[in-house]
Structure formats: C-alpha cells, structure tokens
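*Asks:* Quick one: structure below, then a few questions.
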Amino acid sequence: MKAKLPAKRSKGKGRQRSRRSKAASGPANTIKLVRIGNSRGVRLPKTVIEQARLGDEVELVVGDHEVVLKSLEHPRAGWDEAMRRAIAEEGGELTEEDREWLDAPIDAPVDDSKEWPW
C-alpha cells in the first residue's frame, strides 16, 4: 500500500496575505475605490465613521502599502477645564499630581515597571 502525498497547491490565485498594519484593530473590510472626478476615493459606512469618531476633516497618513485616516478630534478635549471646574466647585486646589495628569501628553510612554500606589 502506497502512502498518499498531500495535494499540490496551484501557483495561481490562492490565499493572499493581508497587508494590514500590526496597529490596525478590528476586522478587515474590503471596499472599492470609486471615481470622484479625476481622483479616486472610498466611501465609509456611517457606522465606521461613528466608531472612529471621524468629523468632516481627518488627518491623512500615508505609509508603506497603507493609508490611515485619523480623527482630528482630541480624545481628551475639554477634560482639563471640566476637572478645574469640578475642583473649584468642591472648594479645593489643584495638586501637583492633578497638574501632572492634566498636562501629560495623551501618547506619553507608560512605565509599567513602577508599582502603583493604592
């Protein structure tokens, strides 16, 4: 009795590897480029626009085999004023730690090696 060999894969159209960025999150969707005058564009579903919190203008970042749209809205917009107002309503002052948190950049590196005080 002869052992069966695995079937050969064709060199034609097969499974293609995704070129998604490692930073991409969520399931991949395939959309078509559409003609818009002499240019080309994409139509984004309303749910995608809402989920990404995109406004009328977005930041466009072009990378190696990818185009990324980013919201111009700052995720913490208005937080500093809301916190200052809440502290003032309580009759307190901003502590040095409060100021550090309010002034910290949103993309500041996090040092996970330090133990958090509880």
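Only the coordinates and a few stated rules stand behind these numbers; no lab work does. In this text, all values refer to a predicted model and were calculated from it rather than measured experimentally. So basically every Cβ, Gly included, is an ideal-geometry build from the backbone, and we count neighbours across all protein chains shown.
*Asks:* Could you list E66, E57 so that the one with the fewest beta carbons within 10 Å of its beta carbon is first and the one with the most is last? Provide the component values of the computation, followed by the final result.
*Replies:* Details: E66 12, E57 9.
Sorted ascending by nearby Cβ count, the order is E57, E66.
*Asks:* How charged is the neighbourhood of V34? Take every other residue with its Cβ under 15 Å from the Cβ of V34, and add Lys/Arg as +1 and Asp/Glu as -1.
*Replies:* +4
*Asks:* Given axes a ≥ b ≥ c from the Cα gyration tensor, I'd like to know whether region 28-118 is rounded (a/c under 1.5), prolate (a/b larger than b/c) or oblate.
*Replies:* Because a/c hits 1.5 or more and a/b exceeds b/c, region 28-118 counts as prolate.
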